[in-house]
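Here's the structure we're looking at; comments come further down.
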Amino acid sequence: MLFKDYIDIKDFVQVVCPKCKALLMADKDMEFWHCGHCGEKFNVNEVRGAKPVVKKKPDPVLTGEIFRCEGSTLYEFAGDYEDVEVPEFISCIASGAFKGNKTMRSIVIPDNCMEIADSAFEDCISLVSVRLPATLKKINYKTFNGCDSLKKITIPSSVEQIVYNAMCCGLDEIAFESSYTTWEAENEYANPSFWVKKGKTNGVSRIFFKGQSFEAADVFKHGSLYTYLRSEGLCTNCGSKFGMFNKCKNCGKKKEY
């Protein structure tokens with residue numbers, strides 16, 4: 001079998017080893033090459049006298065194949081990436097934009113995004129990590145329902161409300177950055193904002209706030225951390241206990257109730 005029968009010659013370039021001066025055929029798409037005679041490792045482009053070629057990762061297609069947009073609204077994600085970063089110019093993620101995606105494992109949503117509509121991530125069964133924007137005001141209906149691999153999430157301080165049936169999924173822990181964020185309890189007409197672990201049933205077992213950890217079952221019925229902390233005589237600013245002169249032992253805030 002001839003050399004040209006199994007290697008395309010046009011994919012190689014003729015170079016001279018800088019150490020032993022042997023004439024070599026190097027793959028021109030490789031940045032570095034080893035001399036078969038003396039073992040010297042060298043930069044192919046430098047030996048050729050050319051500037052090193054820096055391969056730039058292609059930018060994602062913003063319309064068509066990957067992020068399908070109308071203006072600054074992302075109405076459909078059609079990619080198959082495990083790790084997704086939503087483009088900075090997106091201000092709204094439309095209803096069902098990622099619904100049913102089985103590949104995505106993590107998503108970062110930029111702070112420019114102020115709205116995430118109903119069912120945006122519903123049934124994203126492989127999703128394990130979500131970074132929500134610091135401008136988000138509300139977590140809407142069925143936003144994360146069916147995301148069974150999602151065990152932890154941090155709710156930014158900007159979020160004022162988690163509506164009913166918004167995060168009924170695999171969550172085990174929720175960290176709140178604000179005590180004022182409210183959620184909905186279960187009623188005869190609708191599911192709660194998120195499931196809470198009761199006995200052997202799955203659901204959120206721990207709620208975290210400013211480094212403090214609380215039993216979700218104790219907090220949930222109050223509808224917000226603010227109401228729960230007040231009922232327990234704890235600081236609504238950081239969740240710690242008050243000391244002498246009714247000042248928080250941790251942050252120094254004065255008790256107002």
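The values are calculated or read from the model by the stated rules, or taken from the named source; none is laboratory data. Predicted model only: the values in this text are computed from it and were never measured. Note that we place each Cβ from the backbone using ideal geometry, even for glycine, and neighbour counts take in every protein chain shown.
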Worksheet entry | Among (1) touching a residue at least 24 places away in the same chain (Cβ under 8 Å); (2) not assigned by TED's automatic domain parsing to the domain that holds K210, the one test that L171 misses | (2)
Worksheet, complete the sentence: Residue set V219, V204; condition surrounded by 16 or more Cβ atoms within 10 Å (Cβ to Cβ) and either closer than 16 Å to K137 by Cβ or touching an Asp or Glu at 6+ places or on another chain (Cβ under 9 Å) (or both); output residue V204
Worksheet entry | Top-ranked residue of the range 133-157 - restricted to ones that are more than 16 Å from V108 (Cβ to Cβ) and small (G, A, S), ranked as surrounded by the most Cβ atoms within 10 Å (Cβ to Cβ) | G146
Worksheet item: Only one residue in I139, I90, I153 is in contact with a Leu (Cβ under 6 Å, 6 or more places away or on another chain), of a type in the set (A, V, I, L, M) and without any contact (Cβ under 8 Å) to a residue 60 or more places away in the chain. Which one?
Response: I90
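Yes or no, residue by residue, for (1) in contact with a helix residue (DSSP H, G or I) (Cβ under 8 Å, 6 or more places away or on another chain); (2) modelled with pLDDT of 95 or more; (3) within 22 Å of C147 (Cα to Cα); (4) assigned to a loop (DSSP other than H, G, I, E, B):
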residue	(1), (2), (3), (4)
K198	yes, no, yes, yes
T201	no, no, yes, yes
F208	no, yes, yes, no
S213	no, yes, no, no
V219	yes, yes, no, no
H222	yes, yes, no, yes
Y226	no, yes, no, no
L229	no, yes, no, no
F245	no, no, no, no
Discussion item. So if I check each of G239, G243, G203, G223, which one is assigned by TED's automatic domain parsing to the domain that holds Q161 and more than 27 Å from the chain's Cα centre (by Cα)?
Written reply: G243
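Run down K21, K51, K55 and say which single residue is surrounded by fewer than 12 Cβ atoms within 10 Å (Cβ to Cβ), modelled with pLDDT of 75 or more and more than 30 Å from C92 (Cβ to Cβ). Quick ask: steps written out before the conclusion?
Working: K51 fails: modelled with pLDDT of 75 or more; K55 fails: modelled with pLDDT of 75 or more.
Sole residue among the options that is surrounded by fewer than 12 Cβ atoms within 10 Å (Cβ to Cβ), modelled with pLDDT of 75 or more and more than 30 Å from C92 (Cβ to Cβ): K21.
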Worksheet entry | Residues satisfying the stated conditions in the range 238-257, i.e. under 21 Å from H222 (Cα atoms) and surrounded by fewer than 17 Cβ atoms within 10 Å (Cβ to Cβ) | K241, F242, K255, E256, Y257
